[in-house]
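K.L.:
Encoded as structure tokens, here's the structure I'll be asking about.
The values are calculated or read from the model by the stated rules, or taken from the named source; none is laboratory data. In this text the structure is predicted, and so the values were computed from the model without any measurement. Methodologically, a virtual Cβ is constructed for each residue, glycine included, from the backbone with ideal geometry; neighbour enumeration extends over all protein chains shown. Heads up: the accessible areas ignore ligands, DNA and RNA and are worked out on the full protein's heavy atoms, side chains in. Shrake-Rupley method; radii C 1.70, N 1.55, O 1.52, S 1.80 Å.
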Amino acid sequence: MTSSTHPASTGSSATPSTATVQMLTPDGERLDLDEGRRAELEQAVGAEALAHAAALTADDLLGMYRDMALARRVDTEATALQRQGELGLWASLLGQEAAQVGSARAAAPQDRLFPTYREHAVALVRGVDPAHVLSLFRGVDRGGWDAEATGVSPYTLVIGSQTLHATGYAMGVQRDGAVGTGDPARDTAVLAYFGDGASSQGDVHEAFVFAATYQAPVVFVCQNNQWAISVPAERQARVPIARRAAGFGFPGVRVDGNDVVACYAVVRAAADRARAGEGPTLVEAFTYRMGAHTTSDDPGRYRPSVEVEQWRDRDPLARLEAHLRRHHGVGDDAFAEVAREGDALAARLRRDVLGMREPGHGEMFEHAYAAPHAHVEADRRWYEEYVAGLEHGGAAADGEERA
Amino acid sequence: MTDDVHGTPGEGRTTQRVTLSRAINLGLRAAMEKEPKVLVMGEDVGALGGVFRVTEGLAKDFGDDRVLDTPLAESGIVGTAVGLALRGYRPVCEMQFDGFVFPAFDQITTQLAKMTHRTRGAASMPVVVRIPFGGGIGAVEHHSESPETYFAHTTGLRVVSPSNPVDAYWMIQQAVESPDPVVFLEPKRHYWDKAELDTAATPYPLHRSRVVRPGTDVTVVAYGPTVPMALRAADVAAGEGRSLEVVDLRSLTPLDLGPVEESVRRTGRLVVAHEAPTFLGLGAEVAARVAETCFFSLEAPVLRVGGLAVPYPVSRLEEEYLPDADRLLDAVDRVLDT
Ligand SMILES: Cc1ncc(C[n+]2csc(CCOP(=O)(O)OP(=O)(O)O)c2C)c(N)n1
């Protein structure tokens, strides 16, 4: 199969012509920047990104670690809940914590984020209650968090469609004069998340065209986790996805997606550019989906386990933990505290999921339209009467006898 | 796979017990063996065998030149299938789920459907677009749609839906052989239903409807996922002394209403069932036509049983949304009480 030529199996060296921005090595060392390397990175992401990385304090880094660890704990709990039949489906983020936390932390409070269905860490960073995320996968509602308060739009499942919404939103931001004012509380960027598979969709290409044409303040964050279900990334693109941006007329950067510092710095620089009115950027976070595509998928059918093992060595949490321990004197206590917090969150989440109210049938008639609609009202009336009739004597034909 | 394959054709046995998904797989195999120009294409159809495993093993047996794991781009899949067909190939495209056919909607309705007409018949479009459709599997948003009417409404397309493994086996081969584009709707919640398949039998014509259960009191018309439901309802009704005749449409365009009209002339009563909302659904067409042709035989208004005028609901509510045997029997009561 294709895996032998797969970039993931040979590491980023398989794509020597595209520099991958990395700031922490897999061992947790801060990359020493010699002159050549610094110049290369400045060329790729601008000096600002390097400055953002340098400005991160030990507290910032520990905060990032905490976000990643909590997201991973939520993910583990959700997977368990799915296995126990409490969720219909779960799309695991395992392995993608750094790409998500780094990018989400780079966003300003007023920025708007457009996720797909796997951005649970993004949601968490922005204050979305994970129970809201799980309610969607339990099938009791469509997510239901406050998009205005959190700046996180609802998850979308039709691949790539949200990249156009993000671009349109960014065009609105421009029209509202909320770019390039120099006021850090007003200037607004938009983050559009999508996957390597999604990069093949027409909608994504059209989003690139619109964003470039109007110089919309949008950052395209592609989490290249190497697989679109069973199809490897090179089946979607012959050149690194980041390089596609050049053809549309805006910068593209590939960043080590398992390096939270690099993800933060690069997305922060791109978002700053967007807010300053300098237009879109494509950031390709080169990462890996460690688990199955979703709980219904069986990656053993298409993916060599040796590849998974190789990526395990680049674990985003282990990398930051090593760095914090070695260079910032963070000790066992702090990590134990994060672990305790994670367990408490998971326990609370489990309680919340098990206690979720089942939706009443009337709810499906709500919000199909913003204003009353005769067809919906007619079907609602019919259904209410039908259910009332069943309660007076009718019984289920699928199972019991009818009365 | 997990279904019991008692024997394979060629070892002398022609009968095996198969699931609906396996039946489509066997049908595709037969079509690919017979005609080297048949290609299978779609997302994950290769090594994975499709998310429903319908194309399992085809890439291994026919090579990835004939089974194309495509990029994740539905418009691309159907659009290139149009080009391949112009070049003499017979692509069978898989849409992963019903809700994801819409990125390809433009290519299907404006190009695939119209190429034959546009070329004054010079170009035929032997393309099949397979779509797992309908609800009942507890899925998330966009995984349980009933898009049949959009396609049936577009002249130039043929739309069919098998309701059981035997039909699935034959109909997929007939669809591949069709010189016209066929939208092939697979009732996904019945992928695992089993039946005895005789691969040496004579296939029933693709565009014919069929009485699948004779009866005398009320005619019930269904297709795809509502056929097993209608058969269950007919069982319950029989216990109550009511005889339902169930007609499986099988083909939505062209629509074969012959057996329906004949049945209505005997029963005088008609109920049409589908999962799609009733407004402008197939049932509206059937009701209008039967009103035209059987007006003097009808003892009661034609009733439709379908999905509700709401977006497909969250999975915990889908059993409320979907028409079930109770809802069908309620309609049966109403036409009999008239
Ligand atoms: C338009 C559309 N086609 C097909 C699907 C089915 N599907 C869901 S996820 C997926 C793979 C997506 O891969 P990628 O964009 O790389 O994101 P990842 O799941 O790896 O995060 C597919 C084919 C879909 N959701 N939408």
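K.L.:
Among B:Gly46, B:Gly27, which is the only one that is within 12 Å of chain A (Cβ to nearest Cβ) and buried (at least 22 other Cβ atoms within 10 Å of the Cβ)?
P.N.:
B:Gly46
K.L.:
If a residue must be within 16 Å of the ligand (Cβ to nearest atom) and out of contact with any Phe, Trp or Tyr (no Cβ under 6 Å at 6 or more places or on another chain), how many such residues does the range A:168-198 contain?
P.N.:
Result for the range A:168-198: 7.
K.L.:
With respect to A:Ala71, is the statement that it is open to solvent by less than 10 Å² (accessible area, probe 1.4 Å), more than 30 Å from B:Gly135 (Cα to Cα), within 16 Å of the ligand (Cβ to nearest atom) and part of a helix (DSSP H, G or I) true? It would help to see each step written out before you state the result.
P.N.:
Details: open to solvent by less than 10 Å² (accessible area, probe 1.4 Å): yes; more than 30 Å from B:Gly135 (Cα to Cα): yes; within 16 Å of the ligand (Cβ to nearest atom): yes; part of a helix (DSSP H, G or I): yes.
In short, yes.
K.L.:
For the condition more than 16 Å from the ligand (Cβ to nearest atom) and either farther than 30 Å from B:Pro228 by Cα or open to solvent by less than 50 Å² (accessible area, probe 1.4 Å) (or both), what is the one hit in B:Asp98, B:Asp106, B:Asp64, B:Asp69?
P.N.:
Among B:Asp98, B:Asp106, B:Asp64, B:Asp69, only B:Asp64 is more than 16 Å from the ligand (Cβ to nearest atom) and either farther than 30 Å from B:Pro228 by Cα or open to solvent by less than 50 Å² (accessible area, probe 1.4 Å) (or both).
K.L.:
Taking the condition out of contact with any strand residue (DSSP E or B) (no Cβ under 6 Å at 6 or more places or on another chain), of a type in the set (A, V, I, L, M) and crowded, with 17+ Cβ neighbours inside 10 Å, does B:Val236 pass?
P.N.:
Yes.
K.L.:
Pairs please, first residue from the range A:50-62 and in contact (Cβ under 8 Å) with a residue 40 or more places away in the chain, second anywhere and open to solvent by 60 Å² or more (accessible area, probe 1.4 Å) and outside any helix (DSSP H, G or I), Cβ atoms under 8 Å, 6+ apart in sequence or on different chains.
P.N.:
A:Ala58/A:Gly329
K.L.:
Which of the following residues is open to solvent by 30 Å² or more (accessible area, probe 1.4 Å), in contact (Cβ under 8 Å) with a residue 12 or more places away in the chain and within 28 Å of B:His207 (Cβ to Cβ): B:Leu257, B:Leu280?
P.N.:
Just one listed residue meets the conditions, B:Leu280.
K.L.:
Can you tell me which of B:Gly138, B:Gly121 is more than 13 Å from B:Leu252 (Cα to Cα), surrounded by fewer than 19 Cβ atoms within 10 Å (Cβ to Cβ) and touching a residue at least 60 places away in the same chain (Cβ under 8 Å)? If you could, list the steps in order and put the result at the bottom.
P.N.:
Values: B:Gly121 fails: touching a residue at least 60 places away in the same chain (Cβ under 8 Å).
After ruling out the rest, the residue left standing is B:Gly138.
K.L.:
Only one residue in A:Gln82, A:Gln110 is under 30 Å from A:Ser161 (Cβ atoms), away from the ligand (no atom under 15 Å from the Cβ) and within 14 Å of chain B (Cβ to nearest Cβ), so which one is that?
P.N.:
Values: A:Gln110 fails: within 14 Å of chain B (Cβ to nearest Cβ).
None of the other options fit; the residue is A:Gln82.
K.L.:
Another question, if that's okay. Do you know which residues across the range A:252-309 are in a loop (DSSP other than H, G, I, E, B), out of contact with any Phe, Trp or Tyr (no Cβ under 8 Å at 6 or more places or on another chain), charged (D, E, K, R) and open to solvent by less than 20 Å² (accessible area, probe 1.4 Å)?
P.N.:
Matches in the range A:252-309: A:Asp259 only.
Condition check ((1) within 16 Å of the ligand (Cβ to nearest atom); (2) among the aliphatic types (A, V, I, L, M); (3) more than 26 Å from B:Gln96 (Cβ to Cβ)) across all residues:
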{"residue": "A:Asn225", "(1), (2), (3)": "yes, no, no"}
{"residue": "A:Pro232", "(1), (2), (3)": "yes, no, no"}
{"residue": "A:Arg235", "(1), (2), (3)": "yes, no, no"}
{"residue": "A:Ala245", "(1), (2), (3)": "no, yes, yes"}
{"residue": "A:Gly257", "(1), (2), (3)": "yes, no, no"}
{"residue": "A:Val266", "(1), (2), (3)": "no, yes, yes"}
{"residue": "A:Ala269", "(1), (2), (3)": "no, yes, yes"}
{"residue": "A:Gly277", "(1), (2), (3)": "no, no, yes"}
{"residue": "A:Pro280", "(1), (2), (3)": "no, no, yes"}
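K.L.:
In addition: Return yes or no: is A:Gln215 more than 25 Å from A:Arg254 (Cβ to Cβ), surrounded by fewer than 24 Cβ atoms within 10 Å (Cβ to Cβ) and modelled with pLDDT of 95 or more? If you could, list the steps in order and put the result at the bottom.
P.N.:
Values: more than 25 Å from A:Arg254 (Cβ to Cβ): no; surrounded by fewer than 24 Cβ atoms within 10 Å (Cβ to Cβ): yes; modelled with pLDDT of 95 or more: yes.
For A:Gln215, the condition - more than 25 Å from A:Arg254 (Cβ to Cβ), surrounded by fewer than 24 Cβ atoms within 10 Å (Cβ to Cβ) and modelled with pLDDT of 95 or more - is not met.
K.L.:
Something else now. Can you tell me which of (1) within 9 Å of chain A (Cβ to nearest Cβ); (2) surrounded by 20 or more Cβ atoms within 10 Å (Cβ to Cβ) is the one B:Ser75 doesn't meet?
P.N.:
(2)
K.L.:
Here's a follow-up. Can you find a residue in the range A:140-149 that is touching a residue at least 24 places away in the same chain (Cβ under 8 Å), open to solvent by 10 Å² or more (accessible area, probe 1.4 Å), away from the ligand (no atom under 16 Å from the Cβ) and within 14 Å of chain B (Cβ to nearest Cβ)?
P.N.:
yes
K.L.:
Next up: Is it fair to say B:Gly57 is within 14 Å of another protein chain (Cβ to nearest Cβ) and surrounded by fewer than 18 Cβ atoms within 10 Å (Cβ to Cβ)?
P.N.:
Yes, satisfied.
K.L.:
Continuing with the same structure: Looking at the range B:211-233 only, could you name the residues that are surrounded by 17 or more Cβ atoms within 10 Å (Cβ to Cβ) and assigned to a strand (DSSP E or B)?
P.N.:
Scanning the range B:211-233 gives B:Val212, B:Arg213, B:Val218, B:Thr219, B:Val220, B:Val221, B:Ala222.
K.L.:
With the condition kept exactly as written, say whether any residue in the range A:337-359 is crowded, with 18+ Cβ neighbours inside 10 Å and either within 14 Å of chain B (Cβ to nearest Cβ) or of a type in the set (Ser, Thr, Tyr) (or both).
P.N.:
yes
K.L.:
Does B:Val92 satisfy being in the same structural domain as B:Pro181 (by the TED database), closer than 18 Å to B:Val183 by Cβ, surrounded by 24 or more Cβ atoms within 10 Å (Cβ to Cβ) and within 15 Å of the ligand (Cβ to nearest atom)?
P.N.:
no
K.L.:
Could you tell me whether A:Val338 is modelled with pLDDT of 95 or more and more than 16 Å from the ligand (Cβ to nearest atom)?
P.N.:
yes
Quick grid of which residues meet (1) within 14 Å of the ligand (Cβ to nearest atom); (2) touching a strand residue (DSSP E or B) at 6+ places or on another chain (Cβ under 9 Å); (3) farther than 22 Å from B:Pro162 by Cβ:
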{"residue": "B:Met41", "(1), (2), (3)": "yes, yes, no"}
{"residue": "B:Lys60", "(1), (2), (3)": "no, yes, yes"}
{"residue": "B:Val78", "(1), (2), (3)": "yes, yes, no"}
{"residue": "B:Leu112", "(1), (2), (3)": "no, yes, no"}
{"residue": "B:Thr119", "(1), (2), (3)": "no, no, yes"}
{"residue": "B:Pro126", "(1), (2), (3)": "no, yes, no"}
{"residue": "B:Gly136", "(1), (2), (3)": "no, yes, no"}
{"residue": "B:Glu141", "(1), (2), (3)": "yes, no, yes"}
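K.L.:
Still on this structure: List, please: which pairs have Cβ atoms under 8 Å, are six or more places apart or on different chains, and start with a residue in the range A:194-215 that is more than 9 Å from chain B (Cβ to nearest Cβ) and end with one that is of a type in the set (Val, Ile, Thr) and open to solvent by 10 Å² or more (accessible area, probe 1.4 Å)?
P.N.:
Taking only residues 6 or more apart or on different chains, the pairs are A:Phe194/A:Thr116; A:Phe194/A:Ile159.
K.L.:
Suppose we filter B:Val218, B:Val212, B:Val236 for residues that are of a type outside the set (Ser, Thr, Tyr), at pLDDT 95 or above and under 24 Å from B:Phe184 (Cα atoms); which single one remains?
P.N.:
Unique residue meeting the criteria: B:Val212.
K.L.:
Of the residues in the range A:200-223, how many are under 22 Å from A:Gln100 (Cβ atoms) and either hydroxyl-bearing (Ser, Thr, Tyr) or more than 8 Å from the ligand (Cβ to nearest atom) (or both)?
P.N.:
12
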